[in-house]
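What follows is a set of notes on a single structure, which appears directly below.
The values are calculated or read from the model by the stated rules, or taken from the named source; none is laboratory data. Please read all numbers here as calculations on a predicted model, not as lab measurements. Every residue, glycine as well, gets a Cβ built from its backbone with ideal geometry; the counts of neighbours run over all protein chains shown. When the accessible area is computed, the model is the full protein with side chains, heavy atoms only, and any ligands, DNA or RNA have been set aside. Shrake-Rupley method; radii C 1.70, N 1.55, O 1.52, S 1.80 Å.
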Amino acid sequence: MILDEFLHNLHYHVDKLSPPNWEVDWDDAPLPYKLYQGLPSFPFSLEVPMTFEERNTSSTPDFESMGDFLWYVYGLTQLRESFFSAESLDEEGDLLRSFRRYAPSGGALYPNELYVYLKIEHLPTGIYHYDVAHHRLVLLREGEFDSYIEATLGNRVDMSECFGTVFISTMFWKNYYKYNNFAYRLQGMDTGVVIGQLLEIAKRFRFESCVYFQFLDRAVNHLLGLVENEESTYAVIPLSVQSANCFSVSNEKNVNITSEQLCNDLHEIHCNHYVHSQNIKEYPMLINMNEASMLEATESFRYMTLENSENEVYQQVSLPPVERLSYDLASVCRKRFSPEMDFVLGKVSKEQLSCLMYEAMESFKYQNDLGLLKQTSLTIYSCLYNVDDVPSGAYRYDSSTHALQPRQLGDQRLRLQQGMTISNVNMQQIPMCIHVGGEKEHYKESFGYRGYRIQQMEAGMLVQRLLLVASALGMGGHPLLGYDVDLCDELYRVKTEGITSLIQVPIGFYRNRPWLKGRLSS
């Protein structure tokens with residue numbers, strides 16, 4: 001299968017991605033976290049603050065604050081147990097146990113891992129893995145790597161102004177074992193959700209950040225000691241408390257740097273880790289896509305600009321003006337819930353809809369290396385029902401005018417239900433079904449095959465903003481990739497505009513589910 005066909009099937013023909021006889025070996029499932037063995041570790045305090053409102057901020061992050069930061073970004077936050085009744089009286093029901101984090105993940109499989117380069121007091125300077133199972137740092141490499149990291153990013157950051165850097169990787173097997181090749185789409189989206197969570201938490205800690213999607217892959221993986229057929233870095237995010245001036249989108253030194261040069265200057269490290277699975281199957285398409293997306297030299301870094309492709313004029317539905325939403329992020333993270341059959345139809349006010357759209361897009365603005373510091377090519381589309389003073393129908397949200405552009409009027413819930421591949425959500429109970437729309441060619445013209453995963457990550461980042469705002473408004477959202485993309489593209493009439501739907505997120509009110517929940521914090 002050629003790569004272009006693979007990407008097309010990822011979006012429009014999911015059934016072609018897995019062999020018909022694909023079976024999931026649940027007993028041989030990998031752990032949802034990576035466990036290193038035999039390396040120095042530095043445990044964080046388990047006394048994690050339950051609010052940011054009274055948090056003391058200092059000019060220099062310390063070991064304690066980094067522990068709190070990483071826990072809120074990707075730590076284990078909850079143990080859930082749900083009971084599924086048996087089909088007959090002669091059988092016992094199944095107990096489903098899962099560990100959850102504040103960032104959602106497809107199937108709760110969490111394919112990502114966090115690595116950090118830290119230069120803080122009371123901790124050896126070096127490269128660490130965040131061990132979420134034990135809420136601690138595991139030392140992989142000790143030493144100062146400012147110049148090395150600067151080089152991997154094409155000298156577009158001043159690491160002397162940064163106290164640390166977060167590397168977000170993807171472990172291919174962690175969700176391939178269940179989803180087969182569809183895992184490639186999930187991995188990009190999941191990474192974006194983690195980035196979105198990290199950026200929101202960084203704001204509360206008053207950290208300046210910049211997301212670098214372009215870097216020398218093999219050099220970064222070499223630094224972290226990753227085996228590229230198992231795991232690869234997707235994003236690099238330096239952190240600073242000084243200012244955003246240390247981040248740049250241009251290579252001021254204008255020198256071409258290659259991964260080969262950097263790898264030759266740094267010795268290899270080999271670290272043992274445990275994944276539980278005994279029979280790890282091959283995933284050649286994921287490896288091929290990862291290799292095709294890699295950047296070997298800084299001269300390959302690219303930037304993009306946006307062009308306004310809107311040719312039609314729509315009768316807009318103006319939304320009431322709203323201020324930026326103020327809420328305790330820690331409390332909102334704890335309340336965030338992904339309902340399935342738990343949605344209950346309720347009336348949504350026009351002000352709530354206005355706040356959801358406005359806050360999601362405003363909070364999405366972030367620094368990156370794509371050349372899009374204050375804008376994005378992603379757009380929010382939505383099918384609305386039972387919203388005050390808004391006719392039922394399919395709309396495009398225009399963030400520049402804070403208004404809705406009708407695409408098709410009428411109740412679209414049955415149509416959306418028919419487009420779902422798995423009926424795990426009752427669309428008749430949904431007042432707002434959000435679709436994130438993006439360029440149909442997935443940034444390929446600007447970034448080649450790397451563009452696909454960049455776009456999926458950006459979509460995931462926007463989804464996390466939508467979920468957090470929905471939670472702050474007393475609602476829940478459930479991200480879904482199992483839906484008919486062609487149907488939605490037709491619904492919003494975007495095919496001629498070169499736009500496609502990237503993910504579907506039903507949002508609404510819900511009832512509590514019967515389960516046992518316990519917080520994994522003090």
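Based on C-alpha pairs under 8 angstrom that are at least 6 apart in sequence, the chain has a relative contact order of 17 percent.
So what's region 169-240 giving for Rg/Rh, alpha carbon basis, Kirkwood Rh from the mean inverse pair distance? Reported Rg/Rh (Cα atoms, Kirkwood Rh): 1.01.
Considering only 168, 406, 147, and ranking their Cα positions along the charge dipole of the chain that arises from unit charges at the beta-carbon of Lys, Arg, Asp and Glu, the one farthest toward the positive end is 406.
If a/c stays under 1.5 just call it rounded; otherwise compare a/b with b/c (prolate if a/b is bigger, oblate if not). Do that for region 202-291, with a ≥ b ≥ c from the square roots of the Cα gyration tensor eigenvalues. In terms of gyration-tensor shape, prolate.
For the peptides 61-68, 262-269, the ranking by mean Cβ contacts within 10 Å, running from highest to lowest, is 61-68, 262-269. Here is how the number arises for the chain: DSSP H runs of 4 or more residues each give -39500 (n - 2.57), the sum is divided by the residue count, and the result at 222 nm is -8000 deg cm²/dmol. Evaluated at 10 °C with a viscosity of 1.306 mPa s, what Stokes-Einstein diffusion coefficient in µm²/s does the chain have when Rh comes from the Kirkwood expression over alpha-carbon pairs? In µm²/s, the coefficient rounds to 67. As a rough guide to protection, the peptides 101-111, 19-29 ranked by mean Cβ packing within 10 Å, highest first, stand as 101-111, 19-29.
Highest mean packing first, where packing is the average number of other Cβ atoms within 10 Å per residue, the peptides 120-126, 173-179, 469-475 line up as 173-179, 469-475, 120-126. On a per residue basis, the chain carries 42 Å² of accessible surface, using protein heavy atoms and a 1.4 Å probe. Just the protein heavy atoms count here, and of the accessible area of region 385-499 at 1.4 Å, carbon and sulfur take up 46 percent. In this entry, region 119-272 is assigned a mean projected area of 10.0 nm², taken as a quarter of its C-alpha convex hull surface.
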